[in-house]
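Engineer: One structure, as structure tokens, below. Some questions next.
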Amino acid sequence: MIKKTTITLIGILFFHLGNAQNALIIPDTLSGVNINLTLQNGTKQFLSGSSTNTMGANGNILGPTLILNQGDFVNFNVTNQLADTTTIHWHGMHVSAENDGGPHTTIPQNTTWSPSFTILDKAATYWYHPHLHHFTDKHVSKGIAGMIIVKDNAEAALALPRTYGVDDFPLVIQTKDFDSSNQIVVHSNSDDIVMVNATIDPFLDVPSQVVRCRVLNGSSQRAFNLGLSNNQTFHQIASDGGLLSAPVQLTRLLLAPGERAELLIDFSSMNGQTAFLKSYASELPNGIYGATNPGMGAGMTMTGYNPNPLNGADFDVLQFNVGVQTVNPISSIPSGLVTVTPIPEINSNITRTLTFSPVTMGPNQLNGEFLINGATMDLNVINYTIPLDNTEIWELTNQSGISHPFHIHDVQFYILTRNGVAPAINEQGRKDVVLVKPMETVRFIAKFETFSNDSVPYMYHCHMLTHEDGGMMGQFVVSNPLSVADNLINDLGISIFPNPSIGKITINFSEHPSSIIVYDVLGRERMTIKEFDNSQLTIEEMPKGINLIMFEYGNDRFVKKIIVN
């Protein structure tokens, strides 16, 4: 630990002396309608001495940036060559539950998961990362994370920087803790090494013009209070799920784990100069991970949080070295962007109330686990069944001593209020993560449209990965009450469980079908069962993937979908 602490302090000194040592890594890109990702173990030389064991997608650490076009139907193949089972979740994207990559859709070792879906999302910066229950922090901290850039016609019509790696840069900001053998420590509050795109002490050469930074907070727990070293203004043009109606001028941007923001920085008059992207953590209020005190008061402590030179102190994140312009540079900030149409509150069908609380009250609560509505995560419990096309208000109240970045799958939402007050302008766009501070109530509105599945749930959870792995998560299904086949199946007393399955399912029925036929997703018959005597049937070896189970009752046929991992 002495070696790591010394290196960290020297690194911070280098930051403040303006001597970033390493050129920022710019991840490769993948585009088109066929995307292949291989999850693999690797190594990387972060610190002097031993190399660090890592995980990555198509490489040793992190993953390629996926560039996708709205409206394209994209086929993915995600092959798991790790020693662990894992998943891949398309964070922020509007996809069906079976394609979402939550903890039910596992990818065992040496298997391939092949989701396919139409890109329905607006132009924005999304990301992908593992989501296996109890192992999300391990797999993300070890390195599996990548950006997704979605393009659409509305964004293409704007005069914005969009040449990847030239004037449009992905910035995955993370902090990590290394042990004395230079290995990444998982579930640690001593994350005192800052990196961008898996680069420690990074510098980036930028042209003297307007550049675009797509910033992702990919940290397990830490929030960043971003600003430029000379207090130069910058403009936020997009939040999690899309462009804002107009650029918002800022000098600070609080970015919680899981959140993304697209920033325009005007370096036009700075040729030959240096600037820094910083985190002004000294300005963070108590109760946010990264502030002087992670809890509301100094009496609330976290094991390993102090001493940590990053907590409550300003530090450099990335050094910009400004050089000559490119050909045809973007030299001005647009006055407007796209039309943003929030969902009117009057459209809501229901308000759901979610309360965050610690398992253990008192000053030591930050070292324990946290609950949503008094419950911890149970993969066998569906917390909410939401009718398809429901518009809902979710009211989040934080009764714990630390802030929680709340993330919901499936939908983008609009923040209505923070403690009864309208959100800041840059929070009035589409969001999928919102930081809820201690003793704060946040209300948002969302519409649950397009996809329904009674069997495969979506997640909602705190995006502090230690809290998520500890059980601060719940799940919901979106149900289509107009599904005639499902209603008829229910009327016949047919139930199938578990769904998803790992190869064995049990079917109950009150009325005996004449036969049961299993088809794969391509319509190929895989299994026919005609002889069974009881009102319960167990099938020991189901084909892997998406299966369609047909129940025949004379001339009537009813189909149910099941996923086998």
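The values are calculated or read from the model by the stated rules, or taken from the named source; none is laboratory data. Predicted model, so just to flag it, every value in this text is computed and none were measured. Quick reminder, even Gly has a Cβ in these numbers, built from the backbone with ideal geometry, and neighbours come from all protein chains shown. Areas reflect the complete protein model, heavy atoms only, side chains present, ligands, DNA and RNA absent. Shrake-Rupley method; radii C 1.70, N 1.55, O 1.52, S 1.80 Å.
Engineer: Examine the stretch 477-497 for a residue that is more than 31 Å from the chain's Cα centre (by Cα), closer than 21 Å to Pro108 by Cβ and either surrounded by fewer than 12 Cβ atoms within 10 Å (Cβ to Cβ) or at pLDDT 80 or above (or both), and state whether such a residue exists.
Structural biologist: no
Condition check ((1) part of a loop (DSSP other than H, G, I, E, B); (2) free of Cβ contacts under 8 Å to residues at least 12 places away in the same chain; (3) under 23 Å from the mean Cα position of the chain (by Cα)) across all residues:
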residue: Val140; (1), (2), (3): no, no, yes
residue: Gly143; (1), (2), (3): yes, no, yes
residue: Ile148; (1), (2), (3): no, no, yes
residue: Ala159; (1), (2), (3): yes, no, no
residue: Val166; (1), (2), (3): yes, no, no
residue: Leu171; (1), (2), (3): no, no, yes
residue: Ser181; (1), (2), (3): yes, no, no
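Engineer: If Asn367 meets every condition in (1) among the polar types (S, T, N, Q); (2) surrounded by 15 or more Cβ atoms within 10 Å (Cβ to Cβ); (3) in contact with a strand residue (DSSP E or B) (Cβ under 8 Å, 6 or more places away or on another chain) apart from one, which number is that one?
Structural biologist: All conditions are met except number (3).
Engineer: Which strands (runs of 3 or more DSSP E) sit wholly inside the stretch 247-308 and have at least 1 residues that are in contact with a strand residue (DSSP E or B) (Cβ under 9 Å, 6 or more places away or on another chain) and hydroxyl-bearing (Ser, Thr, Tyr)?
Structural biologist: 274-280
One line per residue, one yes/no per condition, for (1) open to solvent by less than 20 Å² (accessible area, probe 1.4 Å); (2) of a type in the set (A, V, I, L, M, F, W, C); (3) under 26 Å from Ala159 (Cβ atoms); (4) not in a strand (DSSP E or B):
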| site | (1), (2), (3), (4) |
| --- | --- |
| Phe203 | no, yes, no, no |
| Val206 | yes, yes, yes, no |
| Gly227 | yes, no, yes, no |
| Gln232 | no, no, yes, yes |
| Ala238 | yes, yes, yes, no |
| Ser245 | no, no, yes, no |
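Engineer: Residues being closer than 22 Å to Arg252 by Cβ, assigned to a loop (DSSP other than H, G, I, E, B) and not β-branched (Val, Ile, Thr): count how many of those fall in the stretch 309-333.
Structural biologist: Here the count works out to 5.
Engineer: Please find, among Thr301, Thr251, the residue that is without any contact (Cβ under 8 Å) to a residue 60 or more places away in the chain and open to solvent by 30 Å² or more (accessible area, probe 1.4 Å).
Structural biologist: When all the criteria are applied, what remains is Thr251.
Engineer: Is it the case that Ile330 is aliphatic (A, V, I, L, M) and more than 27 Å from Val211 (Cα to Cα)?
Structural biologist: no
Engineer: So, one more: So which of Ala145, Ala198, Ala124, Ala156 ends up being at pLDDT 95 or above, open to solvent by 10 Å² or more (accessible area, probe 1.4 Å) and among the small types (Gly, Ala, Ser)?
Structural biologist: On inspection, the qualifying residue turns out to be Ala156.
Engineer: Then there's this: From the list Thr43, Thr38, Thr52, Thr86, pick out the single residue that is more than 22 Å from Asp168 (Cβ to Cβ), under 17 Å from the mean Cα position of the chain (by Cα) and either open to solvent by 50 Å² or more (accessible area, probe 1.4 Å) or among the hydroxyl-bearing types (Ser, Thr, Tyr) (or both).
Structural biologist: Thr86
Engineer: Taking the condition modelled with pLDDT under 85, out of contact with any Lys or Arg (no Cβ under 7 Å at 6 or more places or on another chain) and over 30 Å from Lys437 (Cα atoms), does Asn453 pass?
Structural biologist: Spelling it out, it is not the case that Asn453 is modelled with pLDDT under 85, out of contact with any Lys or Arg (no Cβ under 7 Å at 6 or more places or on another chain) and over 30 Å from Lys437 (Cα atoms).
Engineer: Kindly indicate whether Phe413 is modelled with pLDDT of 95 or more, under 18 Å from Gly287 (Cβ atoms) and either touching a Cys at 6+ places or on another chain (Cβ under 7 Å) or of a type outside the set (S, T, N, Q) (or both).
Structural biologist: It is false that Phe413 is modelled with pLDDT of 95 or more, under 18 Å from Gly287 (Cβ atoms) and either touching a Cys at 6+ places or on another chain (Cβ under 7 Å) or of a type outside the set (S, T, N, Q) (or both).
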